[in-house]
1. Relative contact order for region 23-114: what is it in percent, counting Cα pairs under 8 Å that are at least 6 residues apart?
2. Which FRET efficiency, nearest 0.05, do Phe199 and Gln129 yield, Cβ-Cβ r, R0 22 Å?
3. Using 0.36 nm per residue of separation minus the Cα-Cα distance, give me the extension gain between Ile39 and Lys209 in nm, one decimal.
4. Convex hull over the alpha-carbon atoms of region 58-188: what's its volume per residue in Å³?
5. Would you kindly state how much longer the chain becomes between Lys60 and Lys168 on full extension, computed as 0.36 nm times their sequence separation minus their alpha carbon distance, in nm to one decimal?
Amino acid sequence: MPNYHNFIRLMKQAAFIGLFVVQVGCSSFKGTELAYEKIPTSSLDKTIEYGVYTPSNWVKTERLPLVLFLHGARDDHNTLEQYKTHRYFDQQINAGQMPRFILVTPNGGKGFWENWYDGSHNYRDWVMQDILPKVQKDYNTLDCPEHCSLMGISMGGFGALRMASIYKNSFSSLSAISTPVLSNENKQDAKVPLLVRLFFPLKRIFGPKLYNGDESQSIRSVWSDKNNGSAAKNTSTTNLGR
């Protein structure tokens, strides 16, 4: 059975691949090789889509670790298949270079994986309260947090860092790649990149002030606080970006 150190190695390899799955423009690709589902959420009468990767010859009696992957702003739940990342996983697993695992990748739209300030979307809760428990049950995965890992790229890296700090002790490892770190100072000084300001409804997502004005809850504050053991316990953070 893969141990924690194998998962750290897995996350580093997956992070390397993740750097190459950022595309220009919105995706119209519709995957068929992963398992795709659409489920109702527990609130707001909405549905959310997700894809699930399983290694070759997987059967439900085989209990495997679970990886939650959060995509970037220009991507969706089809991205891993579009760029054939799942085939890379198969090759590495079959060659004995990567432990067997199950991966779930939800569709987070352009919502920063946040529970929106205006109440119209609760991406974080949908993933953690609806999708993750269903995948754990449907695919008979090993128990969290010991056997659950979280990773995200760009916007997904932001979401991963936020989820890990809010849903404490839910994951044993964390990888965040090329992650934007938003702060109230940057927002007020218009230092947020132009494309972010143009294409994301920041006021609807975050409200007048990020983190409800509590900068102690910001990514920068939480993950730079060496005394905040509750957020970082048993968590490895790699390749934090700008």
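1. Details: 127 pairs, mean separation 34.1, N = 92.
Result for region 23-114 is 37 percent.
2. On the way: r = 27 Å, r/R0 = 1.24.
Taking R0 as 22 Å, the efficiency between Phe199 and Gln129 is 0.20.
3. 58.0 nm
4. Working: hull volume 15.5 nm³, N = 131.
Hull volume over Cα atoms, normalised by residue count, gives 118 Å³.
5. On the way: separation 108, 0.36 × 108 = 38.88 nm, distance 2.82 nm.
Full extension from Lys60 to Lys168 adds 36.1 nm.
A short reminder: the numbers here are calculations on the coordinates, not readings from a lab. In this text the structure is predicted, and so the values were computed from the model without any measurement. Positions of Cβ are backbone-derived with ideal geometry, glycine not excepted, and every protein chain shown enters the neighbour counts.
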